[in-house]
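Report on one structure; see the data block that follows.
The values are calculated or read from the model by the stated rules, or taken from the named source; none is laboratory data. Bear in mind the structure is a predicted one, so any value in this text is a computation, not a measurement. Please note: Cβ atoms are built from the backbone with ideal geometry, for glycine as well, and neighbour counts cover all protein chains shown.
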Amino acid sequence: MKRVSAAVLALIMVLLPLGGLTASAQEPDSIRIISLTPNYFSTYGKPITFSMEVEYSLASAAEGIICLGFNNGEENYFYFVDDRVTVSRGQGICTLTGTVAPVNWADTGIKGWIDKAKSWLGFAPPAFAAYVGLSAISSDWNPLAEETLILEHRPNDPVDPAIFAMHPPIVVIPGIMGSRLLEGNRQIWPPIVWPPADFSFSLDRMAINNTLSVPDYKKNMQLLPVRDREYGANDTYKSLCDKLSAAFPERAIYFFSYDFRQSNQDTSEVLESFINGLGVDKVDLVCHSMGGLVASQYIARNPANGSKIRRIITLGTPYEGAPMLLHVAAMGDLHQTDSGFASVLDKLFDEWPKKIVNLVALLSGLTFNVRTGMPGSAELSPTLDFAREHPFKSDLYAYKTSLKVSEYQSILTALFSSIPYSRVLSAQNNIKSSDGAGILSSHMNSTFLVGSGKRTITSVMFLPGTFIITDLGFGSGDGTVPYESATMLGNMPQSKIKVFQADHGELAAREDCVKEIITILRTDENFLYTGEPAIVASTPYTVIRAACPVDISIRKNEETLTNNPGVFSESASFGEMYLLGEDGNIKLFVLDDGDYDVKMHGTGDGTMDYSIRYYNADNQLKEARSFKDVPITPKTVISTGTKENQKTLLNVDSNGDGTVDQELEPEIHKEDVRSNNLILILGIVGGAVLLVALVTIGIKLIGSKKKSKKKIVQDSADDDSSTGGWRENM
């Protein structure tokens, strides 16, 4: 056997001269596949016999053999099996036949078949790679020369649509910002970064009053070459779609692009029309993020729509909203000429598959009016139920005061006044059942993949009387959607939940997540998990907050987080930076637990409020250290550290001459842990005291009753001694 170059599982045709004849270099032999019938091999479990017409030219020998063989995709050896045809010197056409049957699925995305001789045939959609070996081979089957040609039988040879009609299609519904938006033939989203004029034009056209279209979502990508497939904004969903295509070559697959600016209720109407137009009884829906809200609205539109879904899988869907959206919507306008803004864009488009879920980066170039005028994004705001279960705080140090739900509703009404918010509230309530759970939780064949173990914004603090955000609180989730939101505040059946330690984007792209999706889609019966979801714990972290006219840089090894416009960097392997307040004057750094160098340089005259907070893995505040009204001038330079087990000092160089002029010590806050522990202790002690009191009272009552009974019995015995024994035993 001859080892050949690595390739996908392949079909090979080889010309074999008889009787030890050798090839002539002057008169090369040739062979070519003319036709392959049928050209689509996905019979999904049933053996299939195919035939192939072969054109040949034999010049190096009087006779030869044309042999049908296969390539072993794992070891990459040729196996000569199945049909053989003896031919004579000259030119001609012959026909070969073979039989194959599907047997397994490879994680590499290749569909494999094997015949009785343990030989392979396979393809990787959309093109079937047929390898033609041109060889002169001696009687011991060792090839002396070879060449390879590739014939694509898909999509050059159309697939019979009847194949797809026999199986339910798969519809992939992306999340917010996951679809391309067009104005005519011009792409508006994602914006073309260069030249700047085109970029500015794209951002301006994102306003809700501008009519934009989406790519054709009615095309079955199984019939398209890879270059013509639609994978969403910057091909974010390419990995998911291609792996689904390879796993289910017999099923039509559609990428449902939609205008994510619009209300999910409006989008669900478009989805309903699309599914009805497919002319099928059942469909499978794979929904990422906001796509799950679109699917929820689709079912809410008409109960009959639920019966059309064979299986639905949602990936990190914010059923109860995402507090990150509030931060994005309420932030001030960032100017497109700012170097910091340009840096955000560079990182955004360099790392798009990850950044597609970073709403801060995605929406940072849009003006406040554009951001708050999109019903679709407004419907991602935390629901009133979320605010009831996880009240937003007005003091993130001590968690003393919570906003009333009515106060929170008033803030959203002001923030989304152009929509208005009442429409947002109606859309959010429309997809809830009477028990408060999301409407999909009761669908028989629904499965929910959620992320956990990533720091996620779960709370915000508003400047009193405004929607301006001045601080953030964190909990567990996928980095964008809190775990509580993705699981419907605990109202989701645990048997339908699979938890991954994955960020929001990875849920739709990472290999283990996609493999889980494929496993679920392959199951015909109700798919349920056993046991409780394995929630991934967070890790301890540190939060630094500075409200002041300073540029801050936090460095570890070769990485830096900074708001300095010249070297702006809002993410690093060890943490993230958020700009808060009306104009980004509040800087919030969220860092992995550790030791970091913190440097501050004054940018104007004023005062600084600085704090550092330490949280445990359960997101409980252990300790906060704060500095208030620190004088700042353009010459001020301050350095400090982050170690929890060391005293925090601000080393202030007031005039920038390199000499520390004063060391400032912080005020210490431990109310959160202390008050929580105190409440717990008081609760335990109080409960114990109450229990002892109840037991004591009970014993006394029992003793009192026994004495009474004994006295009554004794009195009765004196009157009627014949029944005394029976009465005493009562």
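Thr367: at pLDDT 75 or above, in contact with a Gly (Cβ under 8 Å, 6 or more places away or on another chain) and not hydrophobic (A, V, I, L, M, F, W, C), yes or no?
So Thr367 does not fit the description; no.
Can you name the number of the only condition in (1) within 21 Å of Asp471 (Cβ to Cβ); (2) without any contact (Cβ under 8 Å) to a residue 24 or more places away in the chain that Ser573 fails?
Here Ser573 clears every test but (1).
Please find, among Thr530, Thr542, the residue that is part of a strand (DSSP E or B) and either surrounded by 18 or more Cβ atoms within 10 Å (Cβ to Cβ) or modelled with pLDDT under 90 (or both).
Being part of a strand (DSSP E or B) and either surrounded by 18 or more Cβ atoms within 10 Å (Cβ to Cβ) or modelled with pLDDT under 90 (or both) holds for just one of Thr530, Thr542, which is Thr542.
Given the conditions (1) polar (S, T, N, Q); (2) closer than 14 Å to Glu559 by Cβ; (3) at pLDDT 95 or above, which single one is not true for Ser571?
The single condition Ser571 does not satisfy is (3).
Of all residues in the stretch 500-520, which are among the aliphatic types (A, V, I, L, M) and in contact with a helix residue (DSSP H, G or I) (Cβ under 8 Å, 6 or more places away or on another chain)?
Ala502, Leu507, Ala508, Ala509, Val514, Ile517, Ile518
Are any residues in the stretch 615-653 more than 18 Å from Ala547 (Cα to Cα) and not basic (Lys, Arg), and if so, which ones?
Tyr615, Asn616, Ala617, Asp618, Asn619, Gln620, Leu621, Glu623, Glu644, Asn645, Gln646, Asp653
Do we find that Gly465 is assigned by TED's automatic domain parsing to the domain that holds Phe386 and at pLDDT below 90 in this structure?
Yes, satisfied.
Just need a number here: residues in the stretch 225-253 that are within 21 Å of Gln187 (Cα to Cα), out of contact with any Ser or Thr (no Cβ under 7 Å at 6 or more places or on another chain) and not in a helix (DSSP H, G or I).
Residues meeting the conditions: 4.
Based on what the data block shows, is Ile520 under 30 Å from Arg310 (Cβ atoms) and surrounded by fewer than 19 Cβ atoms within 10 Å (Cβ to Cβ)?
The answer is yes for Ile520.
So which strands (runs of 3 or more DSSP E) are wholly in the stretch 567-651 and hold at least 1 residues that are within 23 Å of Val460 (Cβ to Cβ) and over 33 Å from the mean Cα position of the chain (by Cα)?
Answer list for the stretch 567-651: 606-615, 621-632.
Could you tell me whether any residue of the stretch 465-485 is in a helix (DSSP H, G or I), in contact with a strand residue (DSSP E or B) (Cβ under 9 Å, 6 or more places away or on another chain) and in contact (Cβ under 8 Å) with a residue 60 or more places away in the chain?
yes
Between a first residue in the stretch 271-295 that is free of Cβ contacts under 8 Å to residues at least 12 places away in the same chain and a second residue that is not aromatic (Phe, Trp, Tyr), which pairs have beta carbons less than 7 Å apart while being 6 or more apart in sequence or on different chains?
If the second residue must be not aromatic (Phe, Trp, Tyr), no pairs are left.
What are the residues in the stretch 651-669 that are within 24 Å of Asp605 (Cβ to Cβ) and in contact with an Asp or Glu (Cβ under 7 Å, 6 or more places away or on another chain), if any?
Matches in the stretch 651-669: Asn651, Val652, Asp653, Ser654, Thr659, Val660, Asp661.
Inspect the stretch 604-612 for any residue being crowded, with 16+ Cβ neighbours inside 10 Å, modelled with pLDDT of 95 or more and within 15 Å of Tyr541 (Cβ to Cβ) and give the result as yes or no.
Yes: one or more hits.
For the stretch 426-451, enumerate the residues that are in a helix (DSSP H, G or I) and over 25 Å from the mean Cα position of the chain (by Cα).
Ser426, the sole residue that qualifies.
Rundown of residues vs (1) of a type in the set (A, V, I, L, M, F, W, C); (2) surrounded by fewer than 22 Cβ atoms within 10 Å (Cβ to Cβ); (3) closer than 30 Å to Ile586 by Cβ, yes/no style:
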{"residue": "Asp435", "(1), (2), (3)": "no, yes, no"}
{"residue": "Leu449", "(1), (2), (3)": "yes, no, no"}
{"residue": "Ile457", "(1), (2), (3)": "yes, no, yes"}
{"residue": "Met461", "(1), (2), (3)": "yes, yes, yes"}
{"residue": "Val481", "(1), (2), (3)": "yes, no, yes"}
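Quick one: Thr236 ticks every box in (1) out of contact with any helix residue (DSSP H, G or I) (no Cβ under 6 Å at 6 or more places or on another chain); (2) surrounded by 21 or more Cβ atoms within 10 Å (Cβ to Cβ) except a single one, so which number is it?
So Thr236 meets the others, but not (1).
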